[in-house]
1. Can you pull the percent of the chain's accessible area that's carbon plus sulfur, 1.4 Å probe, other chains left in place?
2. Give me the 1.4 Å probe accessible area per residue for segment 11-95, excluding ligands and nucleic acids, in Å².
3. May I ask you to derive the relative contact order of the chain, considering only C-alpha pairs under 8 Å and at least 6 residues apart, and to give it as an integer percent?
4. Placing +1 on the Cβ of each Lys and Arg and -1 on the Cβ of each Asp and Glu in the chain, which of 26, 54, 38 has its Cα farthest towards the positive end of the resulting dipole?
5. What does the charge add up to near residue 83, with Lys and Arg as +1, Asp and Glu as -1, over the other residues with Cβ less than 12 Å from its Cβ?
6. Treating cross-link reach as a plain straight distance, find the aspartates and glutamates whose alpha-carbon is under 15 Å from the alpha-carbon of residue 53, omitting any fewer than eight places away in the same chain.
7. Working with all protein chains in place, sort 46, 93 by solvent-accessible area computed with a 1.4 Å probe, largest first.
Amino acid sequence: MSKPMTKTQLVAALADAMGSDKKTASAALDAVANVITAEVAQGGAVTLPGIGKVYCKARPERQVRNPATGETKTKPADKQVKVTIAKALKDSVNA
C-alpha cells in the first residue's frame, strides 16, 4: 500500500487540474472542507459527486466494557461522522 497523499500534494494536483496557482487551490480546498464541516456539524449531509456522501449519525446511550478490567460502563449518547462511498468510485477502483 502506498502512502496517502498529503495536503501539499493534493493542493499541487488541484492547482494543476484547475490551471491555477497553489494559493487559489489551497483556498478552494479549505473552503470545501469548511462547508462540509459546518453542514455535517448541524446534522446535515453533503454529497460529493463521484466520491460519496458525508453525514452525521446519532448513536444512542449504550453499555461498553473495558477489556483490561472487564468493568462495564454506560457511555452517553453521541454523534458519529460517516462516509458512504459512491458506486462510481468503487467501480473505478475495482476496474
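1. Carbon and sulfur atoms account for 59 percent of the accessible area of the chain.
2. Counting only protein heavy atoms, the per-residue value for segment 11-95 is 74 Å².
3. Relative contact order of the chain: 19 percent.
4. Ranked along the dipole, the leading option is 54.
5. Net local charge, residue 83 excluded: +3.
6. 39
7. 93, 46
The values are calculated or read from the model by the stated rules, or taken from the named source; none is laboratory data. A quick note: this is a predicted structure, and the numbers were derived from the prediction, not measured. Cβ sites come from the backbone with ideal geometry, for glycine too, and all protein chains shown count toward neighbours. Keep in mind that these areas ignore ligands, DNA and RNA; they rest on the heavy atoms of the full protein, side chains included. Shrake-Rupley method; radii C 1.70, N 1.55, O 1.52, S 1.80 Å.
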